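One structure is given below, encoded as structure tokens.
The values are calculated or read from the model by the stated rules, or taken from the named source; none is laboratory data. Just so it is clear, the model here is predicted, and its values are computed rather than measured. In this analysis, Cβ positions are derived from the backbone assuming ideal geometry, glycine residues included, and neighbour counts consider all displayed protein chains. Ligands, DNA and RNA are excluded from the accessible area calculation, which covers all protein heavy atoms including side chains. Shrake-Rupley method; radii C 1.70, N 1.55, O 1.52, S 1.80 Å.
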Amino acid sequence: MCSFGFARSMGFALIPLAICCIVANILLFFPGGALNYVEEKHISFYPWLFMGVGGGGVAVFLPAAVFLSMGKCAASCVTESCAMCGSVLASLVGLAGSGYCFVVSALALLTGPHCFTNLGWLYPFEKDNGSYLLNRDTWTMCIQPANIVEWDVTLLSILLGLSVLEFIILFLQLVNGVVNAVCRPCCYKQEYSLNA
């Protein structure tokens, strides 16, 4: 039963992380809180992939819900191993979502923001492989939206960090689920044979 308690605690830990991923992704559409850039379609391509909403958010809510309902599932399932197998499958879905969030956020960070420069609207840092991150002097190339580089770098870094935390939590529960689904029945068989 302690494995169920561990799963529930992992579920509780995932909920705020998923909410923060969704919020960070939504904020990428409104640099500096301005609404006009999304209306004029001057937002980077990457937020439209919904890495925080779909990957780090919805895809992580599913395993969180499964982990939180583990005790009820064990009561209605035939065995506790059945419930643990369900948590393993849910963990795999969450791992895919958090991995997607991490990869897309990293690509967005390497590409840099879509902004207005002296040459018009473009990705001015697209070809420098992320070296702009270490050279703040180049950030002034982006005239509009104001402080777009800081905005994107901050939110994308948050998404990267949150997706790593989600991945670690989901991986821990995956290991917990596999160990309990596979080893627990074996231990019970050995205990039964010793008592017989």
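Which of the peptides 123-134, 86-97, 41-52 is most tightly packed, and how do the rest follow, judged by the mean count of other Cβ atoms within 10 Å per residue?
Details: 123-134: 14.6, 86-97: 20.9, 41-52: 19.1.
Ranked from most to least packed, the peptides come out as 86-97, 41-52, 123-134.
Pairs of alpha-carbon atoms within less than 8 angstrom and 6+ residues apart define the contacts here; what relative contact order does the range 84-148 have, in percent? Don't jump to the answer; show the numbers that get you there.
On the way: 50 pairs, mean separation 17.0, N = 65.
Over the range 84-148, the number comes to 26 percent.
What is the extension gain from Trp121 to Arg136, computed as 0.36 nm multiplied by their sequence separation minus the C-alpha to C-alpha distance, in nm to one decimal? Don't skip to the end; give the middle numbers.
Working: separation 15, 0.36 × 15 = 5.40 nm, distance 1.97 nm.
Between Trp121 and Arg136, full extension yields an extra 3.4 nm.
Applying a 10 Å radius around every beta-carbon, put 169-175, 33-39 in order of their mean neighbour count, most first. Please list the in-between numbers first.
On the way: 169-175: 20.3, 33-39: 12.3.
Taking the mean over residues of other Cβ atoms within 10 Å, the ranking is 169-175, 33-39.
Take the Cα atoms of the range 1-52, find their three principal axes, and give me the spread along each one in whole Å, biggest first.
Computed over the Cα atoms, the extents are 54, 19, 11 Å.
With the other protein chains left in place, how much accessible area per residue, in square angstrom, belongs to the range 83-165 at a 1.4 angstrom probe? Intermediate results must be reported in sequence, preceding the final value.
Values: 4070 Å² over 83 residues.
It amounts to 49 Å² per residue over the range 83-165.
Tell me, what % of the accessible area of the range 10-164 is carbon and sulfur with a 1.4 angstrom probe?
70
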